[in-house]
1. Inside segment A:277-300, can you point out the residues that are at pLDDT 95 or above and either closer than 18 Å to A:D130 by Cβ or in contact with a Pro (Cβ under 9 Å, 6 or more places away or on another chain) (or both)?
2. May I ask you to verify whether A:K120 is within 17 Å of the chain's Cα centre (by Cα) and surrounded by fewer than 23 Cβ atoms within 10 Å (Cβ to Cβ)?
3. Please go through segment B:75-99 and give me each residue that is without any contact (Cβ under 8 Å) to a residue 40 or more places away in the chain and either part of a strand (DSSP E or B) or in contact with a Phe, Trp or Tyr (Cβ under 8 Å, 6 or more places away or on another chain) (or both), ordered by number.
4. Does segment B:351-358 include one or more residues that are surrounded by fewer than 23 Cβ atoms within 10 Å (Cβ to Cβ), over 28 Å from B:I240 (Cα atoms), in contact (Cβ under 8 Å) with a residue 24 or more places away in the chain and more than 8 Å from every other protein chain (Cβ to nearest Cβ)?
5. Restricting to segment A:421-451, name every residue that is of a type outside the set (D, E, K, R) and at the interface with chain B (Cβ under 7 Å from one of its Cβ atoms).
6. Give all pairs with beta carbons closer than 7 Å in which a residue from segment A:350-365 that is assigned to a helix (DSSP H, G or I) meets a residue that is among the β-branched types (V, I, T) and modelled with pLDDT of 95 or more; count only pairs at least 6 apart in sequence or on separate chains.
7. Just a yes or no: is a residue in segment B:123-137 of a type in the set (V, I, T), at pLDDT 95 or above and either under 23 Å from B:I68 (Cα atoms) or part of a helix (DSSP H, G or I) (or both)?
8. Got a number for residues in segment A:40-78 being over 26 Å from the mean Cα position of the chain (by Cα) and either among the polar types (S, T, N, Q) or surrounded by fewer than 22 Cβ atoms within 10 Å (Cβ to Cβ) (or both)?
Amino acid sequence: MSNMEEGISALKGMVGEANVASDPDRLRAYSIDGLSPQAAVFPGSIEEVSKVVAFANERKLSLAPRGSGTKMSWGALPRKVDLVLGMERVNRVTDSDIDNLTLSVECGMPLAEMQKRLAKEGRGYFIPLDPPFGSKATLGGVIATNATGPRRFVYGSARDQLLGLKAVLPNGDIVVAGGKCVKNVSGYDMTKLLIGSGGALGILCEITTRLLPLTEAEATLILPFKELEGAAKFVREIVHSKIFPAAIEVFNGTAMAGVHSEAAAKAPYSVVFACESVVEAVERQIAELGAMGRKGGAVDVTTLKAEGHKAFWAALSDFPLALRQRDPNAVGVKANVVLSKFVEIMAAAEREAKGRGFDIALVAQAGNGIVQGYLPVGSDAAAKAGGIADFFGRIVAEAVKCDGNCIVEAAPRAVKEKVNVWGQPRSDSVVMKRLKEKIDPADIMNTGRIVA
Amino acid sequence: MMEREKMIQELAKIVGKEDVLTSEMQIRLYEYDASLIRSKPDCIVLPSSTDEVSKVVKFAHDHKIPIIARGAGTNLSGGSVLTKGGIAMLFTRMNKILEIDTENQRVVVEPGVVTLDLKGVLAKHGYVYQPDPASEKVTTLGGNAGENSGGPHCLKYGVTSNHTLGAEVVLSDGTVVTTGGKSLDNPGFDLTGVLVGSEGTLGIVTKLILRIMPNQEAVKTMMAIFNSIEDGGGTVSAIIADGIIPATLEMMDNLTIKAVEEAYKVGFPLDAAAILIIELDGLKDGMERLSERVAELCRKNNVREIRIAQNQAERDKIWAGRKGAFGAVGRLRPNYLVNDGTVPRTKLPATLKKVFEISKKYNIPIANVFHAGDGNLHPLILFDERDKDELRRVHEAAMEIMKVCVDMGGTISGEHGIGVEKLDAMYFVFTPKDLSAMKKVKEAFDPDGIYNPGKLLPPLTKAA
């Protein structure tokens, strides 16, 4: 421990006295799966991040990066957490090249704050990412976990939007990947390697992303359906049409109740579209989607515009945040399957959850084949852990049948002890392990938490 | 490395005697690609299955023999030339479309499928695979993945890596793994993302899982003709800054226009300084208004004439001119060297100006035809390789253009890759630390360095 005391004073020398927390009471807020770090360090620049990481590497101290803390439940149980590396102070905009439609910004910047600033620039712009925890998440956390949202259907994910990034590798090296060109094949695509790498290969410090101008017109359509099958059939028709809405989501009643209670009251399932385009195209989308929906069995069509539209998607984005505030033990799972099979996963998840007494909330990105499920747990996590692990095993098996997989995104320790949070092991994990060993030989980065 | 005769015998045991090519003539057919680099392979093998690929790779691995997967040999940076000898692996026998899964908007293909052949088949289903390299008539999808190919429509739809979601990969010891998949977001690192564009240095792909999309409802193709190249460049910057993302935004300069017109008679005015090909796609609603906005921006930048394709035939004609540009320019002099430095879109006019200065400085004609909306230049430096002094000036001019691109905040390659030709230019962009990180990736995939050795990654520090 005296070693650690000396270490803490060294860290204070690097980032400033006020930017190292080592008081056990304060550190509890930074614990990961119940494991408290010995210190939380908040560097103020990429150079400081580099120093802290190099120091940790020399001493083989395990490091867990952290943005605003919305994803700390991600990953398997850590084998060790010595330092939490808080990135919130590394948050400057370093290059705003609006005419080129690119932006470079440090990773501690909250996405919502950045979007707010971009909306006020000239004609108004945005970063085409709309992940969960949207009001709170930092860019670093969003990119490290490759979090995506409904509008991925037209805009793609971080792997489509990011042009470059700057990261600190475990040896403390500050490395630059990509740049601000929209095409770049100079060397290996390290940007793609680091997106979604969960802080296991390096600390994401700065990203360069594409920007898009705010669209001329926006609207939301909510179409409630009595049966999941009917909703799925309708969605299939739209996915394969030329209408290209910006988002196609399917909710079950429990999820819809948390986002838009009026719609939830109308029928047990809802198909929701976001339309974003030029005025004429949005008007046509509203008319056609509505008409096709009614023909396809929708019991109602609600159109939201302006603030109503914005509020709906903000509420969806913050749904897991609100849930976790009510129920810190709530379990989050994410299944990824071929896009036509989202309905199989929704049906299986409802059946398997109900059978075990859980009222699961389900939201599917129907055009992307992503299904998010949220299980309320409440206080008695240990007693429920077996049932949840069982449920998860069933969903993994079902997802694998649908050419995909399923992971646990959040769960109490008791559940994580019983499952492989990364779902079915994959054949390419041999390469992932070798990459991890090459880049992080001392295994200090998020030790034990990430799939490789 | 083992004796050549023995190598050939062993390979024949794996793929069959008729699928190992060894004659002097055959060897010479595979000593080049579309760059200026030449070097002979020791032999050429044509596997017919993943299993055969795996066995050949295992054999190469055990005997430390370099091995390169080759597609159609259209590589523009020397990436598919066997500069250290070894085995050239061809995929002409692995050219099947294995699955067209419109329900899930995916196709599964073998690497030898020709890009345009896939598109032709998909068109019958009302679907499209978006990447469209100019050479798509001959390039293979495996080659496209190796180079992360672009093309005009990448402006709106992204490059090959954005449409490649998974792969069956033979690792350097012969192990076969699957990266990614038909579904998105498979757990773990994005190995597919790293493999695409790795120029055959990390793995050999035996199957690709690609994204397909329903066709757009409406397309509008316009040709804007300018009397000055600056006005053309200025229009590109203005369109992007106005927040319009067309499907394509392509540009040609006068030298290219003349060459194309001479070769194809597509109706380009011979005295134009620049032509922009602008294509919009999407729902038909609002498209008239959007194209009028584009026309307005052209007029603000002194456009001389705007022609709008009235039907598919007119559209095809415009694109034939663009897609045939390299070939047309190739008729002007015995050789050309093409670079593909890329700059931020706002820096396009300034960069073009520099390219013209460099052309003058070295007294070599340079034709420009490029993906303007992406800031992706293609200066075609024209010369005769028999003139040694000219050849030297060509290489110096090429390096200087790449340096200019980097100084403008850009990079040395947008889509053609590093290969051998741009190895030295890597130091313009990357520090030893950046290169060291990439080297670790190489070592993780291919610890013995048998896959396409000597390409893409230069030594960490430049030799004095």
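1. Passing the criteria: A:V282, A:Q285, A:L289, A:A298, A:V299, A:D300.
2. It is false that A:K120 is within 17 Å of the chain's Cα centre (by Cα) and surrounded by fewer than 23 Cβ atoms within 10 Å (Cβ to Cβ).
3. Hits for segment B:75-99 are B:I97, B:E99.
4. No, there is no match, as no residue in segment B:351-358 is surrounded by fewer than 23 Cβ atoms within 10 Å (Cβ to Cβ), over 28 Å from B:I240 (Cα atoms), in contact (Cβ under 8 Å) with a residue 24 or more places away in the chain and more than 8 Å from every other protein chain (Cβ to nearest Cβ).
5. A:W422, A:G423, A:S427, A:S429, A:V430, A:V431, A:M432, A:L435, A:I439, A:V451
6. Qualifying pairs under 7 Å: A:E350/A:I360; A:E352/A:I395; A:A353/A:I360.
7. No, the conditions are met nowhere in segment B:123-137.
8. Of the residues in that region, 9 qualify.
The values are calculated or read from the model by the stated rules, or taken from the named source; none is laboratory data. Given the structure is predicted, the values throughout are model-derived calculations rather than measurements. Positions of Cβ are generated from backbone atoms using ideal geometry, with glycine treated the same way; all protein chains shown enter the neighbour counts.
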